Amino acid sequence: MPTQERYILALDQGTTSSRAIVFNQSGIVIGMKQLPFNQIYPQPGWVEHDPEEIWRTQYEVALDAIEDAQILPTQIAAIGITNQRETTLLWDRTTGKAVHNAVVWQCRRSAGICQELKALGYEDEIRTRTGLVLDPYFSGTKLMWLFDQVPGLRAKAERGDLMFGTVDSWLIYRLTGRHATDATNASRTLLFNIHEGSWDQELLRMMNIPAAILPSVLPSSADYGYARKDLFGAEIPVTGCAGDQQAALFGHACFQPGACKNTYGTGCFALMNTGKDAVASKHNLLTTIAWDLGKGYTYALEGSVFIAGAVIQWLRDELKVLADAAESERLARSVPDSGGVVLVPAFVGMGAPYWDPDARGAVLGVTRGTSKAHLVRAALEAVAYQSRDLLKAMENDYGTAVPFIKADGGASANNFLMQFQADVFDRPVILPETGEVTALGAAYLAGLRTGYWSGLDDVERNWRRKREFQPELADETRQRLLERWDKAVAVARMFK
Ligand code: ADP
């Protein structure tokens, strides 16, 4: 075993599992472990995680990934962290113990608080300062809920005895003892001014949040301290941190303004690098910090499709027309087109650019000859149409055409979907060699700080494409398909 070789350990703390991946200098995975953890649903619409379980599973997979890579902890040059964003934790400054379960980004418990803030007329101000919409999704109103509902917490916070953090902060604290976060995670709290780069006093006042609980905000590639020796048997520097979607944008090497990635998972998450410009959206997109390499912020526009891979799960689990997700590709290819069927998967409303929470799904254009293959094909096409609408909105906001889309996520394994995406968006879709772009992004941020990688050129050289899908559809055909899709969306939204 060549013990002189050095590696980067990425901790990828997700919503349903904790993962750890060891990368070598070429950005290749040499060890990986994953552990799921419990989802806690105290009430309909509420979601919590046990902070100790988050830490325990994350630490365990870190040790196991190092073992899986057959290396020693002393060979880890640095640790990078990426995480589920917005999820909100509070812990005791003296004991280091969490004082409540983590309130997960999906949790809707602060919907009423958001309504109250809207009624007070704060929405525009919040949007201007944070780039976010006033929604329970983000940390700020989750914190308000905790202070309002859990006896004693506010007094404790005001005495300076509590620490707040998103999941990255929690892991950094448990690893190094420091109370810190990075700019990408801070930009998802509803409390951070993304233009000034500081916790916003006015927002803290509006939401009545004591400033004493807030972590220091560092660049995404920075010195977060050393992981304690008793954890790994060696002190390891923690030098990279970014929220999961931003880390994926970085891992895809989307370094140029206009570069764009779309993650095809349960939903889709698209981010577009907008360089030094924090572009305010006219289409309900979010403005967020993409990363901070210590020389000022790079910004991004962000949007999501709520139901993407989930429509395939629905066909499999509810309608039972698929044995597994992969079968959707074979079925879609078994017919020349969707036979006129358009499926609008607005199962939980529609996200940007429509922003219609009350819309519901629809299947249109059904005939006596409609088969399950047509339905499945229409479902996959809908994933691409929705992404196309989102990406078009980004282009319109930014005023520049996206050159190509870099794709990842479970459903990006579907070649039919990727080709159809290239066809309806009329841009190439590129798949990277490693699907682990989120963890890789965190690894790059960490390794750039310590000199493991010398600069962005080095990272770009590492980037390798697995496959590229070129647009092949004639303009008239694409226009005809898009007109039918637009009509179907309009019809679905009318039916309330
Ligand atoms: P998440 O991180 O959101 O849990 P993943 O990136 O693991 O999601 O992707 C899982 C999703 O991708 C599921 O919704 C599944 O239905 C979908 N999926 C997986 N493989 C395929 C495939 N070959 N074709 C279409 N959808 C797929």
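The values are calculated or read from the model by the stated rules, or taken from the named source; none is laboratory data. These numbers come from a predicted model, not from an experiment. As a convention, Cβ positions derive from the backbone with ideal geometry for all residues, glycine included, and neighbour counts pool all protein chains shown.
Say we look at the stretch 336-347 and pick out the residues that are more than 16 Å from the ligand (Cβ to nearest atom) and surrounded by 14 or more Cβ atoms within 10 Å (Cβ to Cβ); which of these is farthest from SER304 (Cα to Cα)? The qualifying residue farthest from SER304 (Cα to Cα) is GLY339. Consider ILE289 carefully, then state whether it is in a loop (DSSP other than H, G, I, E, B) and among the β-branched types (Val, Ile, Thr). When the stated conditions are applied, ILE289 does not pass them. Residue pairs whose Cβ atoms lie under 7 Å apart, sitting 6 or more positions apart in sequence or on different chains, and linking a residue in the stretch 5-30 that is within 19 Å of PRO51 (Cα to Cα) to a partner that is within 16 Å of the ligand (Cβ to nearest atom) and among the aromatic types (Phe, Trp, Tyr), are SER17/PHE37; SER18/PHE37. Got a sec? Which of THR400, THR367 is more than 11 Å from the ligand (Cβ to nearest atom), closer than 24 Å to ALA253 by Cβ and in a loop (DSSP other than H, G, I, E, B)? None of the other options fit; the residue is THR400. Residues that are over 28 Å from the mean Cα position of the chain (by Cα) and charged (D, E, K, R) were ranked within the stretch 309-335; the one that is nearest to the ligand (Cβ to nearest atom) is ARG330. Just one of the listed residues (ALA310, ALA280) is aliphatic (A, V, I, L, M), farther than 28 Å from ASP182 by Cβ and in the same structural domain as ARG377 (by TED's automatic domain parsing), namely ALA310. Determine whether ALA439 is within 16 Å of the ligand (Cβ to nearest atom), closer than 24 Å to LEU286 by Cα and touching a strand residue (DSSP E or B) at 6+ places or on another chain (Cβ under 9 Å). Considered against the rule, which asks whether it is within 16 Å of the ligand (Cβ to nearest atom), closer than 24 Å to LEU286 by Cα and touching a strand residue (DSSP E or B) at 6+ places or on another chain (Cβ under 9 Å), ALA439 comes out as yes.
Selection of the stretch 107-145 for residues being among the aliphatic types (A, V, I, L, M) and either buried (at least 22 other Cβ atoms within 10 Å of the Cβ) or not assigned by TED's automatic domain parsing to the domain that holds SER198 (or both) yields ILE126, LEU132, LEU143.
Scanning the stretch 236-248 for residues that are away from the ligand (no atom under 13 Å from the Cβ) and either under 30 Å from LEU315 (Cα atoms) or touching a Ser or Thr at 6+ places or on another chain (Cβ under 7 Å) (or both) yields PRO237, VAL238, THR239, GLY240, CYS241, ALA242, GLY243, GLN246, ALA247.
Look at the stretch 299-317: where a residue is small (Gly, Ala, Ser) and a partner is part of a helix (DSSP H, G or I) and within 9 Å of the ligand (Cβ to nearest atom), sitting 6+ places away or on another chain with Cβ atoms under 7 Å, you get ALA308/VAL383; ALA308/ALA411; GLY309/GLY410; GLY309/ALA411. Within the stretch 272-308, can you find the residues that are touching a Gly at 6+ places or on another chain (Cβ under 8 Å), within 16 Å of the ligand (Cβ to nearest atom) and not polar (S, T, N, Q)? Within the stretch 272-308, GLY303, VAL305, PHE306, ILE307, ALA308 meet the criteria.
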